[in-house]
Every structure is written in C-alpha cells, then in structure tokens.
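Remarks on the structure that follows.
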Amino acid sequence: MRFLPDDEHRDLARTLDALLGAADTPAAARAWAAGDHAPGLALWSRLAETGVFALAVPEEHEGMGPLPVELAFSFIELGRHAVPGPLVETVAAAALLDRLGHPGTAAAWLPRVAAGKAVLSLCAPESAGPYALDADAADAVLVVDGDALLLAESAGPPQPSADPVRRLSRPLGGTVLARGPEVTAAAAHAAGVAALATAAQSLGLGRALLDRTVAHVRGRTQFGVPIGSFQAVKHRLADTLVALEFAQPLLYAAALACAAGSRSAPREIAAAKVAAGGAAYAAARTALQLHGAIGYTEELDLSLWIRKARPLRDAWGTPAACRARVLAP
C-alpha cells in the first residue's frame, strides 16, 4: 500500500490550486452566502472541465471513476480554497445513483454530473441530519427516507447556519424513485463517500488556516518583534501542524481502502473524518486566537475558513458517531 502521492496526484493538486488561486473564491463564497449563485456556478463549470466531478462517475456514464484517491486529493484543494456549493453532496449523490442499480435514473443524471451540468444535493437524515445543503442552487435534491429514495419537489427557505455559505433547507414533498434494501445499501455507500470527501475538505481547510496564521504572526509585531517569535505562539502552531500531519495519512489510508473495496473502509473513513475534522477545528481556534480581534470580523476573508471548520467537523458523521464506528466490534 502506497501512502505517498505520486506525480499524477501532485499534478492534479497543483492544477486545482492554480485554478482556484486565480479565481477569487472568497468573492464567490460571499456572493453564494447572499444568494447569488452565478460566480460559484461559473467556478463549478471550470472545476468540471478539470474532471473533478467525473472522478465520482463511472466510465459507462461519461466519467473517469469512481476514483476515491483522486477525489480525496481534489477535495483537499477545494477545502483549501473554501469553494462554495454542495460539492460533497453532488459526488455523494453520484455514488448513490451509481450503486443503486437503476440504469435509467443513473443515465439521466450521471453524465450531467460528470460534465458539471447538474448540481445535486443529498439529504440523508440518518447520516447527515434533516437538511439539504444549498437546495436553492441544486438542480435536484435527493432524499433518503428509510429504504426509499425520493426526488424532493421543493425545499423550505434557508435556515440560519454557523457558516452562511452553507445554506441549509428542509426538503419538502417528493416523488419516490426507488425503494428497498438496494436503497439502504447505496445510501450507506454514498454516506461513506461523503464522509471521505468532507474529511479531505477539512484537511485542506486546516492547511489553509495554518498557512494564513503563520503568515500573519510573521508580519504582526509586538514589543518590536514578530509575535511568531514568541514561544507560546510557536507551540500553538506546532500543535496545529502535528494534528494536521497526523490526519493526512489516515485520509490517504481511507481513500485507498475505499478504492480497494476493503471491508475496513467504513472504519478507515471514520478515523480519517474524526482526525481531519478535529485538526481543522483546532486550526480554526488557533487562527482566531492568534489573529486577535480582527479574527472575529466578517470583513476579513479568514472568517470564510474559520466558520467552515465546525460545520465540516460535524457534517456526514459527528466526532462521536465516527469514534463509535471505529470502535464497533
């Protein structure tokens, strides 16, 4: 088992980093939070051109996957740049439709997902709570209700959220697309894909928070010296880095287990999710403390990353739920 990224993985990460670094994602995120989806959807199309969504779609439906390892590397970069939208939910919905075994439904949606022409949201109350993410921007909202898969007719208004960019709504009504044990199995698989992608997002988010905080403490001075030279600050940053470094191999192992179809994949994903989510949340707390009062301001782009950390930590598997899965016999 190889835990280090190869040249293709590095190239993928560099390509996405360059694309997103030039795209002004903070502006797109602020517009998304205000209900203006146009900049975010334009960015969505550019990501689709690089093949990000095709990684979750099988070749028979015009995709390149499923490729969990490449998907994990992609979502690290999406988290690093705080890209708005139901990214995780779209790839999870693609995984569900692929695994469901309903050729007509898969053929109707998966090629569009791979091409970036369809934005999907997925509501799975048993795995992620009763809300659908960004239903107002989605072309379809899929709802898992017990052993039934529904296509929601509409969604309620967005609810207040710790992260305004994550717009949460309750799905309303729905048409049954499928029912039976195959829905339960497909939904469990999709929840695993969602947890893996969320863990990758969290790791990228934590890396971005650490990088921005290091840059800040190098430039801010107190008593005539950079505050980054203070021992307490160094220790806080070192603890943050260690937590992120420990989470990274767990994420790689989970992606590899998922790619291999290993029976241990659910536990590996849960371990990665709890480690990456906890590390990102700790990075957010460190960033907030070391930026001082300006860390609380919404005008600072840093807030877009800080306010994502806790929702991502809890999305698609709370820390308690993930630990229970790791420890289950």
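Values as computed for the structure displayed
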item	result
P66 within 28 Å of A279 (Cβ to Cβ), surrounded by fewer than 24 Cβ atoms within 10 Å (Cβ to Cβ) and either of a type in the set (A, V, I, L, M) or under 13 Å from the mean Cα position of the chain (by Cα) (or both)	no
Entirely in the range 117-218, the strands (runs of 3 or more DSSP E) that have 1 or more residues that are of a type in the set (K, R) and in contact with a strand residue (DSSP E or B) (Cβ under 6 Å, 6 or more places away or on another chain)	175-179
Residue ID - modelled with the lowest pLDDT, chosen from residues in the range 1-46 that are of a type in the set (K, R) and closer than 30 Å to A260 by Cα	R2
Scope the range 83-116; condition out of contact with any strand residue (DSSP E or B) (no Cβ under 6 Å at 6 or more places or on another chain), within 19 Å of I269 (Cα to Cα) and among the aliphatic types (A, V, I, L, M); matching residues	L87, V88, V91, A94, A95, L96
Condition met for A108 (crowded, with 24+ Cβ neighbours inside 10 Å and assigned to a helix (DSSP H, G or I))	no
Checklist (1) under 22 Å from A187 (Cβ atoms); (2) in contact with a helix residue (DSSP H, G or I) (Cβ under 9 Å, 6 or more places away or on another chain) applied to P103, failing item	(2)
Complete set of residues in the range 201-225 that are buried (at least 16 other Cβ atoms within 10 Å of the Cβ) and more than 16 Å from I306 (Cα to Cα)	V217
Residue satisfying condition, being modelled with pLDDT of 95 or more, more than 16 Å from V69 (Cβ to Cβ), surrounded by 15 or more Cβ atoms within 10 Å (Cβ to Cβ) and hydrophobic (A, V, I, L, M, F, W, C), within set L250, L237	L237
Selection count, the range 122-164, where residues are of a type in the set (D, E) and modelled with pLDDT under 90	1
Top-ranked residue of the range 25-46 - restricted to ones that are surrounded by 22 or more Cβ atoms within 10 Å (Cβ to Cβ) and of a type in the set (A, V, I, L, M, F, W, C), ranked as nearest to L312 (Cα to Cα)	A29
In the range 129-166, the residues that are among the charged types (D, E, K, R) and either over 17 Å from V91 (Cβ atoms) or surrounded by 21 or more Cβ atoms within 10 Å (Cβ to Cβ) (or both)	D134, D136, D145, D147, E153, D163, R166
Residue selected from the range 216-242 under the condition aliphatic (A, V, I, L, M) and free of Cβ contacts under 8 Å to residues at least 40 places away in the same chain, by the criterion farthest from A186 (Cα to Cα)	V225
The range 136-152 residues that are free of Cβ contacts under 8 Å to residues at least 60 places away in the same chain, paired with ones that are of a type in the set (S, T, N, Q) and in a helix (DSSP H, G or I) (beta carbon under 7 Å, 6 or more apart)	D147/T184
Residue list for the range 279-288, restricted to those being closer than 16 Å to I76 by Cβ and over 14 Å from the mean Cα position of the chain (by Cα)	A279, A283
Subset of the range 289-320 that is of a type in the set (A, V, I, L, M, F, W, C), part of a helix (DSSP H, G or I) and surrounded by fewer than 19 Cβ atoms within 10 Å (Cβ to Cβ) - its residue that is farthest from the chain's Cα centre (by Cα)	A293
Residue within the range 230-253 that is over 20 Å from G278 (Cβ atoms) and among the small types (G, A, S) present	yes
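Matching residues to (1) assigned to a loop (DSSP other than H, G, I, E, B); (2) hydrophobic (A, V, I, L, M, F, W, C); (3) more than 18 Å from the chain's Cα centre (by Cα):
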residue	(1), (2), (3)
L4	yes, yes, yes
L12	no, yes, no
T15	no, no, yes
A18	no, yes, yes
A23	yes, yes, yes
A27	no, yes, yes
A31	no, yes, yes
D36	yes, no, yes
G40	no, no, no
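Residues are listed down the side, and each one gets a yes or a no for (1) part of a helix (DSSP H, G or I); (2) under 24 Å from A186 (Cβ atoms); (3) small (G, A, S):
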site	(1), (2), (3)
L244	yes, no, no
A254	yes, yes, yes
S262	no, yes, yes
E268	yes, yes, no
A272	yes, yes, yes
A283	yes, no, yes
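The values are calculated or read from the model by the stated rules, or taken from the named source; none is laboratory data. From a predicted model like this one, the values you see are computed outputs, not experimental measurements. All Cβ positions, even for glycine, are placed from backbone atoms using ideal geometry, and neighbour counts span all protein chains on display.
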